[in-house]
Structures are given as C-alpha cells and as structure tokens.
Amino acid sequence: MLFKQQALLRQKLFVLGSLAIGSLLYLVARVGSLDRLQPLCPIDGRFGPRGQDEIPLRAMQFKRGLLHEFRKGNATKEQIRLHNLVRKGGTRALLEMLNLHPAVVKASQEIHFFDNDENYAKGIEWYRKKMPFSYPHQITIEKSPAYFITEEVPERIYKMNSSIKLLIIVREPTTRAISDYTQVLEGKERKNKTYYKFEKLAIDPNTCEVNTKYKAVRTSIYTKHLERWLKYFPIEQFHIVDGDRLITEPLPELQLVEKFLNLPPRISQYNLYFNATRGFYCLRFNIVFNKCLAGSKGRIHPEVDTSVITKLRKFFHPFNQKFYQITGRTFKWP
C-alpha cells in the first residue's frame with residue numbers, strides 16, 4: 001500500500017508492503033520434536049503414487065459448501081473446528097479499516113507501479129493519475145502486496161522519496177504459506193483442474209527438507225525481504241502490523257498505525273463490530289453505513305500433514321527470531 005500526503009501529493013508517500021495472504025485462524029498442530037515423527041521422505045511413498053498426491057476437487061468443493069453454510073449461519077462450531085475454517089485477511093482488511101479514518105482515502109484497486117516494469121516505465125505521472133482525489137489534510141492509501149517481496153521496489157521507492165514511512169503487515173509464516181497455496185488451489189478449481197498437495201510442494205523430495213524454491217515458502221521468510229529494504233531505509237521508517245491480531249483484536253493495531261502515521265486518533269470501538277455469522281469484524285462508518293469484507297475473503301484450508309507443519313515451523317523459527325530482533329516486535333508464532 002502507498003500512503004500519500006495530498007498536501008504534498010507530488011513529493012511524499014507512505015508505503016505498506018504486505019505478506020498477509022491467507023488464513024486468520026491457525027491450523028491446530030502440536031509442535032514437537034522431529035525425532036519423534038515419522039520420516040517425510042520419500043514424498044511419493046508417503047503421500048501415494050502419482051494421481052494420489054493431488055487435491056481431489058470434490059473434497060474441496062465439499063469444504064466450500066461448508067463455508068457457504070457457515071456464512072449463512074448454518075454450520076456448527078464443531079464443523080468449523082474440524083474443517084479448519086480460515087479467512088484471507090491482511091492487506092485488504094487493513095486497507096478497509098484504515099479507510100474508517102476521516103483523514104484517509106483509499107485507491108479502489110492495486111496499482112502495482114513499483115513492482116511492475118511495464119507500469120513503472122509509464123512514469124510517476126501515470127501513477128499519480130491512478131490515485132483518488134483527497135483534500136490537503138488527508139493521505140491516500142494504495143495496496144500492492146507484491147512491493148515487499150519484489151527486489152527492485154526498495155530502490156525505486158527510495159529514489160522517489162527517501163524519507164518515506166513503510167508499513168509491513170505479516171502473519172504467522174507457516175499458516176501464511178498454506179494460505180498462499182490455498183489461494184492458488186482455488187484458482188485451479190475454478191478452471192476444473194487438479195493441483196499437487198501442499199506437502200508435495202513444500203517438501204523437497206530429494207533432500208526431505210523444506211523446499212525453499214517454492215514461492216509460498218520463500219515469501220514467508222520475512223527477514224530476507226526486510227534486509228533488502230534496510231539497505232535503503234532505516235528501521236525507524238518501518239512499522240510492523242500484526243496481521244493475525246488485526247483480525248482478532250483490530251482496534252489496538254489500528255491505533256498503533258494511527259500513531260505511526262501521525263494521524264489524529266479517530267478510529268474507535270464504535271467503528272468495529274464483530275459479525276458472528278461471518279466470523280470476523282465488520283466496519284461501521286456512521287449510523288447508516290456499515291461494511292463487511294467481501295465473502296471471497298473466506299477460504300477453507302486443505303488438511304496438511306501435521307509433521308509437515310512442524311517441519312515448516314522449525315524451519316521458519318530462526319528467521320522469525322531474527323525478524324523479532326530487527327523489528328523490535330515479538331509475535332506469538334510457534
């Protein structure tokens with residue numbers, strides 16, 4: 001996302017890169033010693049012969065039906081627990097919630113200016129024209145999640161404005177990786193195609209270790225991406241948003257963002273109310289206008305082998321610890 005002070009529309013910008021793709025409720029998995037787990041390799045032997053290592057469409061269609069029942073309020077809490085109901089909520093949730101603030105206006109779509117070579121070649125004037133109108137006391141927000149993980153972006157933004165403020169929203173890395181996978185899987189389903197199981201992609205069958213070439217895994221190594229940004233911007237210009245807490249306890253996170261962006265405190269508990277049917281917070285702008293996130297923001301995770309989840313969490317742990325140390329913020333990640 002890009003935050004731009006309208007009074008200095010041609011000079012200043014605030015940026016939010018994001019990695020918040022996927023679920024909001026953790027998959028339940030006991031983190032124990034890998035020594036006590038069955039070996040993961042060979043993958044083909046563990047997850048079956050070719051054809052059996054793909055996600056059956058009917059299984060996911062059943063889960064999608066469960067999600068529909070949940071949204072209608074018909075699914076039981078036990079059904080929800082057993083089938084791992086999840087929601088994709090990070091960048092979009094933050095964008096909509098910050099739009100509650102009267103000094104904030106948002107772009108209607110992702111611009112992808114700094115991460116897209118073709119768009120970037122069109123120049124800054126093209127980018128400015130994509131921004132919505134705002135008054136001098138307001139800032140404008142644009143959400144483009146790929147900014148954080150695209151190599152060229154930090155330098156491009158630095159050349160535009162070296163004093164920029166950056167917001168990064170993150171979520172628990174393993175769940176984020178599974179959510180990333182789930183989003184791709186849903187796209188395959190719409191085309192009536194099958195897709196490899198998550199385990200097949202996340203674990204390298206040759207080494208039996210985490211497959212760092214798999215994009216969903218690479219994206220979740222937050223410290224690697226942040227270190228690239230720190231070559232251009234000091235850590236004081238960053239604020240880290242807890243994407244998981246933003247959904248369960250949004251107000252404290254929003255208040256931290258208000259403070260970081262030097263916005264007067266305007267968002268209150270009045271603006272946020274929990275919708276039990278939808279399972280997440282909705283937004284109250286005023287006495288007549290309320291808004292909930294789109295129904296497409298709910299996704300069901302496929303079941304993932306708990307030993308794979310454990311292996312991933314062990315893999316991410318040292319990167320997470322370094323991320324805590326660099327940012328000065330600790331998360332309750334396993």
Report summary line: Just one listed residue, out of Ala276, Ala216, is in contact with a helix residue (DSSP H, G or I) (Cβ under 6 Å, 6 or more places away or on another chain) and either over 27 Å from Ile149 (Cα atoms) or not polar (S, T, N, Q) (or both), and it is Ala216
Query raised in the report: When the residues of the stretch 294-332 are filtered to those that are in a loop (DSSP other than H, G, I, E, B) and among the basic types (Lys, Arg), which remaining residue is modelled with the lowest pLDDT?
Result: Lys332
Report summary line: Given the conditions (1) under 24 Å from Lys259 (Cα atoms); (2) modelled with pLDDT of 95 or more, every one holds for Ile157 apart from (2)
Query - Verdict on Glu110 being within 20 Å of Leu293 (Cβ to Cβ), buried (at least 16 other Cβ atoms within 10 Å of the Cβ) and free of Cβ contacts under 8 Å to residues at least 60 places away in the same chain - result: yes
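Okay, residues lined up against (1) in contact (Cβ under 8 Å) with a residue 40 or more places away in the chain; (2) over 20 Å from Ile267 (Cβ atoms):
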site	(1), (2)
Leu98	yes, no
Asp117	no, yes
Ala121	no, yes
Pro132	no, no
Val153	yes, yes
Arg156	yes, yes
Lys165	yes, no
Query - So Gln138, is it farther than 28 Å from Val210 by Cβ and at pLDDT 90 or above - result: yes
Requested in this report: Any residue in the stretch 250-270 that's within 17 Å of Ala93 (Cβ to Cβ): show its pairings with residues that are among the hydroxyl-bearing types (Ser, Thr, Tyr) and crowded, with 17+ Cβ neighbours inside 10 Å at Cβ separation under 8 Å, as long as the two are six or more apart or on different chains.
Outcome: Pro250/Tyr281
**Report entry** Qualifying positions in the stretch 224-235 - open to solvent by 50 Å² or more (accessible area, probe 1.4 Å) and outside any helix (DSSP H, G or I)
**Finding:** Leu230, Lys231, Tyr232, Pro234
Report task. Any chance you could count how many residues in the stretch 133-187 are open to solvent by 30 Å² or more (accessible area, probe 1.4 Å), in a loop (DSSP other than H, G, I, E, B) and within 23 Å of Pro250 (Cβ to Cβ)? Result -> 0
Requested in this report: Hey, could you check the stretch 205-223 for residues that are among the hydroxyl-bearing types (Ser, Thr, Tyr) and either touching a strand residue (DSSP E or B) at 6+ places or on another chain (Cβ under 6 Å) or in a loop (DSSP other than H, G, I, E, B) (or both) and say which is surrounded by the fewest Cβ atoms within 10 Å (Cβ to Cβ)?
Outcome: Thr207
Requested in this report: Might you check whether a residue that is surrounded by 13 or more Cβ atoms within 10 Å (Cβ to Cβ) and within 30 Å of Leu185 (Cα to Cα) occurs anywhere in the stretch 252-272?
Outcome: no
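The values are calculated or read from the model by the stated rules, or taken from the named source; none is laboratory data. Because the structure is a prediction, the values reported are computed rather than measured. Here Cβ is always computed from backbone atoms with ideal geometry, including for glycine, and neighbour counts include all displayed protein chains. For the accessible areas, the whole protein counts, side chains as well, though only heavy atoms, and no ligand, DNA or RNA atoms are used. Shrake-Rupley method; radii C 1.70, N 1.55, O 1.52, S 1.80 Å.
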